[in-house]
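Enquirer: Okay, handing you the structure first.
We did not get these values from a lab; they are worked out from the coordinates using the rules stated. Values in this document were obtained by computation on a predicted structure and should not be read as measured data. Heads up, the Cβs are rebuilt from the backbone with ideal geometry, glycines too, and the neighbour counts pull from every protein chain shown.
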Amino acid sequence: MRHFNVVILGAGGVGKSALTVRFVQDVFVETYDPTIEEAYRRVLDIDGVKTSLEVLDTAGAEQFTALKELYIKSGQGFVLVFSLTQEASLRELDNIRHQIHRVKGMDSGVPIVVVGTKLDLSAEREVARSTIQSLVSLWKIPFYETSAKRDWHINDVFEDLVRQMLVHYPEERPPKKASRPRKPCIVM
């Protein structure tokens with residue numbers, strides 16, 4: 001079984017916990033209780049590969065930004081979350097993406113998925129789909145619009161991320177022992 005660490009990042013109140021809990025426990029959390037850090041685990045079978053995900057739901061509040069770097073160091077895949085009802089939360093993602101690349105020491109190739117939450121609140125939507133499309137095209141990152149409340153596209157997000165991680169972190173095979181030429185056995 002393959003094991004991966006996934007980190008959920010984004011501004012406060014965008015629905016990171018609702019997304020995570022919907023994915024791991026298949027329930028919708030109605031009340032907003034600010035998170036400091038919550039870890040969850042779920043096993044998935046993606047394209048015939050059994051994977052165990054350790055999902056870290058992080059704080060979005062500014063007072064915990066020092067922890068963000070530690071989360072990024074330990075993460076192998078990242079879900080960058082913003083609210084479709086809050087345009088400022090989308091702008092925050094560029095800073096987070098830059099921080100991931102700086103900490104990981106990679107300009108690109110880091111397994112990342114961008115997620116717009118609260119798709120069910122269409123009357124309150126502030127972020128146009130075209131705005132998001134142009135941004136993720138520039139970043140070359142997949143994007144999903146979701147609703148934890150309605151369970152729309154939640155599994156798609158994590159399945160996409162696992163596929164990226166499987167490619168980015170190929171399974172390490174134990175090295176083969178070097179074979180030595182065998183000497184004939186002599187019986188006396």
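Enquirer: Highest mean first, what order results for 153-160, 23-30, 142-149 on Cβ atoms within 10 Å?
Expert: Taking the mean over residues of other Cβ atoms within 10 Å, the ranking is 142-149, 153-160, 23-30.
Enquirer: Using a 10 Å cut-off around each Cβ, can you sort Thr117, Thr85 from fewest to most neighbouring Cβ atoms?
Expert: So the ranking, lowest neighbour count to highest, is Thr85, Thr117.
Enquirer: Using alpha carbons only, how many degrees (0 to 90, rounded to 10) separate the axis of helix 129-139 from the longest principal axis of the chain?
Expert: Long axis of 129-139 versus the principal axis of the chain: about 30 degrees.
Enquirer: May I pose another question? What do you get for the angle between helix 16-25 and the principal long axis of the chain? Use alpha-carbon atoms, 0 to 90 degrees, nearest ten.
Expert: Once rounded, the angle reads 50 degrees.
Enquirer: Express the relative contact order of the chain as a whole percentage, based on alpha carbon pairs under 8 Å and six or more residues apart in sequence.
Expert: The value is 23 percent.
Enquirer: What ranking do Met1, Met106 get, fewest neighbouring Cβ atoms within 10 angstrom at the top?
Expert: Going from least to most buried by this count: Met1, Met106.
Enquirer: Right, next: May I ask for the angle, rounded to the nearest 10°, between helix 154-168 and the longest principal axis of the chain, with both axes built from Cα atoms and the value confined to 0 to 90°?
Expert: 40
Enquirer: Shape call for segment 2-168 from the C-alpha gyration tensor, a ≥ b ≥ c root eigenvalues: rounded (a/c under 1.5), prolate (a/b greater than b/c) or oblate?
Expert: Rounded.
Enquirer: Further question on the same structure: Only Cα pairs within less than 10 Å get springs; with that Gaussian network setup on the chain, which residue of Gly77, Gly48, Gly13 has the largest fluctuation?
Expert: Top of the fluctuation ranking is Gly48.
Enquirer: If neighbour count is taken as other Cβ atoms inside 10 Å, put Ser17, Ser137 in order from fewest to most.
Expert: Ordered by Cβ neighbours within 10 Å, fewest first: Ser137, Ser17.
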